[in-house]
Amino acid sequence: MDIREEFLKFFESKNHERVASAPLVPDDATLLFNNAGMVPFKSIFTGEIPAPHNPRATSCQTCLRAGGKHNDLENVGHTARHHTFFEMLGNFSFGNYFKEDAIDYAWEFITEVIKLPKEKLWVTVHESDDEAEQLWLKHVSIDRIMRLGDKDNFWQMGDTGPCGPCSEIFYDQGAEEFSGPEDYMGGDGDRFLEIWNLVFMQYERSADGTMRELPKPSIDTGMGLERVVAIKEGKTSNYGSSLFMPIINKVQELIGKEYTYATGASYRVIADHIRTSLFLLAQGTNFSNEGRGYVLRRILRRAVRHGYLLGFREPFMFKLVDIVVGIMGKEYDYLAQKADAVKEQIELEEARFFKTIESGIELFEEELKNTKEIFSGEVAFKLYDTFGFPLDLTEDMLKSENLGLDTEKFEALMLEQRTRAKAAWKGSGDEATQGDFKVLLENFGENVFVGYEMTSHTTKVLALLDASFKTAQKLEAGERGWVLLEETPFYAESGGQCGDIGLIEDFAKVVETKKFFGLNMSELEVSKTLSIGDSVVCNVDISRSEITKHHSATHLLHAVLFDVLGDHISQAGSLVEANRLRFDFSHPKGVTPEELSEIERRVNYEVLRALPTTTEVMSIENAKKSGAKAQFGEKYGDEVRVVSFADASVEFCGGVHVSNTANIGSFIITKESGVSAGVRRIEAVCGNAAYNYFVGQRQILLDAQSEVKNLDLMAGIARLKSTVAELKSELKEAQGSIKIEIKTQDINGVAVVVAELTNGDIKEKIDELKNQNEKLCAMLFQIKDDKVLIAAGVKGADAAKAGEWIKNIAPILGGGGGGRPDFAQAGGKDASKLPEAKEASLAYITGILS
């Protein structure tokens, strides 16, 4: 039985609109990930936007809980139910039906569609909810209804806003498998398993805590697909079901060890984490050291570490991708489309971590010997900073040793690092926007964009918002605010293309254009009072012409990358502005200079072909059949706009373009770089920006010719290189002719040198001293400009460590450094402290050798 499909079909039969799963990365600045089925509908529940035409909806939403308030990461693998990635089945009523229908629908689906035994079902209601209890009595006896308090049966979105009691449905898995002290209805054991939560949003909580009845209460329900599948298949753990066992079986096959539940936590972690990694990567999140990309990196590395415990010593997670695609690819077709690119990204990230994991684990185990109860925060930070071990991975390793961690020290060191790097990440990185958009949608609906056909248009001001997004009757000169035009020629930022700027003649400068819940709105700097109802002439800035050139060139680039690099290429992000374009794409290695030249040549060839641009609005099914490329995460309706440049490129796109590729002028790649593991970036310029780039490059060439005093630049450079080589040779001879006397002193049979070297190479001098002495401890200093170079060398003196020696001395000079026991280097900033440093260096090594 396909429970996902049965659920959605059931609620469609009850007049619910089937809504596709939203991306894991939400359109909500307060959240890292979509963590519940209701998140895509949050703006409707909070009243920010009106309810849709059909106030009933049903969905199977992909969810992720691995960060922030909802974080199940540490429990994954150790319990039967916790996952980072899961699917939540839900039905929703936006001010339509309420408790009675919600309860009746739930009971009908559970008992008549998926046919769970009625005698195994229990329900809970809020202790104050007499109405829900009475409604449940139609289906179950009073002895199977339990009243619980706010902790278990009251739901709220936040400290203020919609909230209400909830009712949960439980399934009794039987005393045969579950007989612990918490295995009773209401206990924390697994015997009575919660499978469906019905939330009755009937109150609005104000800031002072008071609650008022909502005029149109709503319904939000959530049922975990993984739990129901396990129950239907007779499994007492989600991981025993057909959603996970094929992955676990593949891990068994790869490692050659049999999986048993009691000792199989690592198998379960891997099975969970590969699903999460695949979905995030396929949806466009990439490995990085901040934000969502860092959560992804933590999850994959946690899985790799568990693989290491099983015996893996080389990448293996990427080999599980096809198994997950086989299980879930029918419902989520983009998984198969992105599978090859995702495998490359995962293998690269695994390979990176496997290079350091062994050294990291050695350091961890070394510190364990010195740990009684609390593990060193300093070592945990070193594991993070040097070996790439996320903190929760170290905590996971400590959990199996029943040890705590000095998190205070770890956090202090992290704060120091963030301060130095100025790279603290807060929230999602997006700006949260709240305002009176619901009023505008209810009064006017979505306004019309006419900018495909024209860049100047006379229209009417429908509404105004002030800088805080609150409705205003007018905006005065000197104020900033937002305008909703009846018809607008200004393109709103979307799909990587920047929003238009321009003028509202006589009234205001348009400085930005964005979309809010489908409303195309322009931000204004007002020069003359602008009022609702005013008739205005709108002019899009001339920069639009340059934006279209870069946008069309981006489409050509995308198509050419497929031809030159291979069909594994997948768009991972883009930016289109008036003076540049940026295109991110999946590719396992740097693009070679030869490949870049070929890519640039081919794009310019398509420009020179003078291909006409055609746009067509068609059904999304026909668009897909046409082979048009779509970008994951973009919101497409039943009908989509397809932009074609003859046979060179066909893509879904709502943006603005040139009418003919010849208008692009020329295309120049300015940079190629890596964004993250398996993701590359190409930056380029077109049109006027390309001309400016050429002028700049020509000036650099002229300046270089002037500097080398030769119109043949390469000949001039060759002459300079020859001169430099000659001077280096002469300098080396001169330095070699200077006899540098360095005094050594004997301390317990070891030659000790602490001295300043005025010229020459201090590293070479230490090597020379080692060759001259059987046992040696030497530290040399050299002042270069306003800095101090330090080098330390040790030979035949087991008690002395060059790295530790230099770590103790470098801070005196305002610097730092380190190295091996036999050789270390450092740098300092304060040359005035050199006498003090020399004295301290001699005292330190004397103490070690005495």
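The values are calculated or read from the model by the stated rules, or taken from the named source; none is laboratory data. As the structure is a prediction and not an experimental result, all values here were calculated from the model. Using ideal geometry, Cβ is built from the backbone for each residue, glycine included, and neighbour counts are taken over all protein chains shown. The area values use the complete protein model at the heavy-atom level, side chains included, leaving out ligands, DNA and RNA. Shrake-Rupley method; radii C 1.70, N 1.55, O 1.52, S 1.80 Å.
A few remarks follow.
- So Phe279, is it more than 30 Å from Gln337 (Cα to Cα) and either crowded, with 18+ Cβ neighbours inside 10 Å or among the aliphatic types (A, V, I, L, M) (or both): no
- Residue match in segment 157-174 (condition: of a type outside the set (Lys, Arg), exposed (fewer than 14 other Cβ atoms within 10 Å of the Cβ), more than 17 Å from Lys99 (Cα to Cα) and in contact with an Asp or Glu (Cβ under 8 Å, 6 or more places away or on another chain)): no
- Within segment 648-691, the set of residues being free of Cβ contacts under 8 Å to residues at least 40 places away in the same chain and under 23 Å from Thr455 (Cβ atoms) comprises Ala690, Tyr691.
- Within segment 609-628, if we keep just the residues that are open to solvent by less than 70 Å² (accessible area, probe 1.4 Å) and of a type in the set (A, V, I, L, M), the residue that is farthest from Asn663 (Cα to Cα) turns out to be Ile620.
- Residue count for segment 182-215, restricted to those that are in a strand (DSSP E or B) and either basic (Lys, Arg) or touching a Cys at 6+ places or on another chain (Cβ under 9 Å) (or both): 11
- Test for Glu253: is it in contact with a helix residue (DSSP H, G or I) (Cβ under 9 Å, 6 or more places away or on another chain) and either farther than 20 Å from Val324 by Cα or not hydroxyl-bearing (Ser, Thr, Tyr) (or both): no
- Residues of segment 486-525 that turn out to be open to solvent by less than 10 Å² (accessible area, probe 1.4 Å), over 18 Å from His657 (Cα atoms) and aliphatic (A, V, I, L, M), as a count: 6
- Contact map, segment 215-242: first residue open to solvent by 10 Å² or more (accessible area, probe 1.4 Å), second residue of a type in the set (Ser, Thr, Tyr), Cβ cut-off under 6 Å, separation 6 or more or different chains; pairs are Ser218/Ser93; Val229/Ser241; Ile231/Tyr171; Glu233/Ser241; Lys235/Ser241.
- Matching residues, segment 200-213, being touching a residue at least 60 places away in the same chain (Cβ under 8 Å) and hydrophobic (A, V, I, L, M, F, W, C): Phe200, Met201
- For segment 158-181, the count of residues that are at pLDDT 90 or above, within 40 Å of the chain's Cα centre (by Cα), outside any strand (DSSP E or B) and closer than 20 Å to Thr221 by Cα is zero.
- Filtered residue count, segment 638-678, keeping only those that are within 30 Å of Lys343 (Cα to Cα), in contact with a helix residue (DSSP H, G or I) (Cβ under 8 Å, 6 or more places away or on another chain) and not β-branched (Val, Ile, Thr): 9
- Count of segment 135-156 residues which are open to solvent by less than 40 Å² (accessible area, probe 1.4 Å) and more than 39 Å from the chain's Cα centre (by Cα): 4
- Strands (runs of 3 or more DSSP E) contained in segment 480-521 and holding at least 3 residues free of Cβ contacts under 8 Å to residues at least 60 places away in the same chain and either within 15 Å of Ser456 (Cβ to Cβ) or among the aromatic types (Phe, Trp, Tyr) (or both): 502-504
- Of all residues in segment 359-377, exactly one satisfies the criterion of being in a helix (DSSP H, G or I), touching a residue at least 12 places away in the same chain (Cβ under 8 Å) and loosely packed, with under 13 Cβ neighbours inside 10 Å, namely Ser359.
- Cβ pairs under 6 Å, 6+ apart, first in segment 553-567 and closer than 17 Å to Ala689 by Cβ, second part of a helix (DSSP H, G or I): Ala553/Ile664; Leu556/Val603; Leu556/Glu606; Leu557/Val603
- Checking each residue in segment 530-547 for being surrounded by fewer than 14 Cβ atoms within 10 Å (Cβ to Cβ) and in contact (Cβ under 8 Å) with a residue 12 or more places away in the chain picks out Ser531, Gly533, Ser535, Val537.
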